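Trainee: Here it is, the structure in full.
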Amino acid sequence: MLVLLALILCLAPLRAQTLIIRHATVIGLVSAKPLKNYSVAIQGGRILAVSRKLKVPRGAQIIDANGKFLIPGLWDMHMHLGLPEAFLPMLTANGITGIREMFTGLPLPLIQQYRARSDAPHIVAPGFLDGPLMLTAGAPPPGAFAVGTAQQARFAVDLIKRSGYDFIKVYSGLPREAYFAIAQEARAIGIPFAGHVPESVSPLEAAQAGQRSQEHLLNIMLACSTDEDALRAERLRVMNSTELSAEARLRILGFPDPKGLFDTYDPAKAAKLFAAFVQNGVWQTPTLALLEGFAYPDQLVDDPSFHYLPESWRKTARPRDKPYMQDLSPAELHMWTQRAQALLTRYKQLVGDMHRAGVEFLAGTDTSLTNPVIPGVGLHRELALLVESGLTPLEALATATKNPAQYFGVLNQLGTIEPGKIADLVLLDANPLADIHNTQKIRAVFVRGRYFTRADLDALLARASGPVPTPGPAQ
């Protein structure tokens, strides 16, 4: 991730004035024990010092943090940057100082413009690779390539690397031959790949091939089933069927039937799979917040932040208003909602089992223009769902702070509150270790040393609700 590191270093703004965050409880993720009544000095976009006693230089701006809690800036490690002029302010206002953009079709020069903004999070962006089935939707957007053979796959990997993308996102429709060629070529030229485990490949094979992260827990339950081969064959049939609509295919693959899946779960197979994840350093991004959005849609529209979204988004926010749900009768929609609820309950148990086995996690939401997740807010829901799954609040915080920095190989620059690191910070009014929901009680945000007061954050939220252009489709 040398490209990412260079990007982070060049975008850290130089600010002459020193900021002193005084008398905070610092939850810096350096150790399990918070530092009570500590002060943090910021200068030049970086953390200058973390100490009980700081000598305040002349002209420094003092921020009284008595009774407040300071955490590292948060990362959403799976989102699609729809409506950037709305999403970016909402991310910053919710303490999101970095995102792994999992492909939206926005041209790379445009993403680079967003990266250069002092009020925007760090953005890490991929090129996108899927199988020939992608061409049925028309010409791929910029940065996306349909590959069906090993030769095509190697060419696309090289092109993505030369184009300046940070990593390769692999998707569900890749043929086996193309997928393993991607893995081989990515390793040879030094570019990471992550994303969906293709339907033609098992999660175990993907782990052994070097896929850095696996998203949405897709096919993890299937890989732990005593009927794994039969279940995978059926999913491949669904994916390649000419009799199903694209909407029906998306529903079936995204919300697998619990019948025949839950009751064939084999703990011994699961233990072997989880051990392979640990051994190969594979990260999991569950995106439980996405599943919750489908399972409990009323929570979405009842959230206080909902009204900050542009009106065009609010009108189609519920799952029933999405293109892949509009063709359903009320009874069918109810069935799919119940299935999402059952999957969410089981996936939380699965996350707990993997966590106890030592599998590492990244917090992500799958926020996009077409998914029922509120930008920024969704990450706080993800942290709460991870705690409900068995992680401690401190462990959940790590999935959005320290873990992303470790994943990218830039822990020496980000992820914890230590001298010399980039000053991406969130100041909270209440203790997130006592209640993870307190991550939403934000008093201030620091993005590369730029200080956003509560009034500034409120202004960002108000700006987000204005009219904005519509971007391309998310994947």
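Trainee: Being out of contact with any helix residue (DSSP H, G or I) (no Cβ under 8 Å at 6 or more places or on another chain) and either surrounded by fewer than 19 Cβ atoms within 10 Å (Cβ to Cβ) or among the β-branched types (Val, Ile, Thr) (or both) is the filter here; which residues of segment 191-235 pass it?
Mentor: Residues satisfying the conditions are 205, 229, 230, 233, 234.
Trainee: Do the conditions hold for residue 132, that is, is it closer than 25 Å to residue 242 by Cβ and either of a type in the set (A, V, I, L, M, F, W, C) or within 23 Å of the chain's Cα centre (by Cα) (or both)?
Mentor: no
Trainee: Another one. Looking at segment 238-282, which of the residues that are in a helix (DSSP H, G or I) and aromatic (Phe, Trp, Tyr) is farthest from residue 354 (Cα to Cα)?
Mentor: 262
Trainee: Then there's this: Go through (1) in contact with an Asp or Glu (Cβ under 7 Å, 6 or more places away or on another chain); (2) assigned to a helix (DSSP H, G or I); (3) closer than 20 Å to residue 353 by Cβ; (4) without any contact (Cβ under 8 Å) to a residue 60 or more places away in the chain one by one and return the number of the condition residue 289 breaks.
Mentor: So the condition that residue 289 fails would be (4).
Trainee: Sticking with this one: Would you confirm whether any residue within segment 270-280 is at pLDDT below 90 and among the hydrophobic types (A, V, I, L, M, F, W, C)?
Mentor: no
Trainee: Select the strands (runs of 3 or more DSSP E) contained entirely in segment 28-124, then report the ones holding at least 3 residues which are buried (at least 20 other Cβ atoms within 10 Å of the Cβ) and β-branched (Val, Ile, Thr). Quick ask: steps written out before the conclusion?
Mentor: Working: elements: 35-43, 46-51, 61-64, 69-72, 74-79, 96-101, 122-124.
In segment 28-124, 96-101 are the strands (runs of 3 or more DSSP E) which contain 3 or more residues that are buried (at least 20 other Cβ atoms within 10 Å of the Cβ) and β-branched (Val, Ile, Thr).
Trainee: Got a sec? Which of 310, 304, 319, 323 is surrounded by fewer than 15 Cβ atoms within 10 Å (Cβ to Cβ) and touching a residue at least 24 places away in the same chain (Cβ under 8 Å)?
Mentor: None of the other options fit; the residue is 323.
Trainee: Does residue 400 meet the test of being over 21 Å from residue 24 (Cβ atoms) and touching a residue at least 24 places away in the same chain (Cβ under 8 Å)?
Mentor: No: the conditions fail for residue 400.
Trainee: Moving on to the next point. Looking at segment 101-118, can you tell me whether even one residue there is without any contact (Cβ under 8 Å) to a residue 60 or more places away in the chain and under 25 Å from residue 304 (Cβ atoms)?
Mentor: no
Trainee: Looking at 276, 295, which one is buried (at least 19 other Cβ atoms within 10 Å of the Cβ), of a type in the set (Gly, Ala, Ser) and either within 24 Å of residue 407 (Cβ to Cβ) or under 23 Å from the mean Cα position of the chain (by Cα) (or both)?
Mentor: 295
Trainee: How about segment 12-27: which of its residues are part of a loop (DSSP other than H, G, I, E, B), within 27 Å of the chain's Cα centre (by Cα) and at pLDDT 90 or above?
Mentor: 27 - this is the single residue of segment 12-27 that is part of a loop (DSSP other than H, G, I, E, B), within 27 Å of the chain's Cα centre (by Cα) and at pLDDT 90 or above.
Trainee: Check every one of the strands (runs of 3 or more DSSP E) wholly within segment 126-237 and list those with 3 or more residues that are among the small types (Gly, Ala, Ser), in contact (Cβ under 8 Å) with a residue 12 or more places away in the chain and under 16 Å from residue 253 (Cβ atoms).
Mentor: none
The values are calculated or read from the model by the stated rules, or taken from the named source; none is laboratory data. Nothing here was measured: the structure is a model prediction, and the numbers come from that model. Virtual Cβ from ideal backbone geometry, glycine too; neighbours counted across all protein chains shown.
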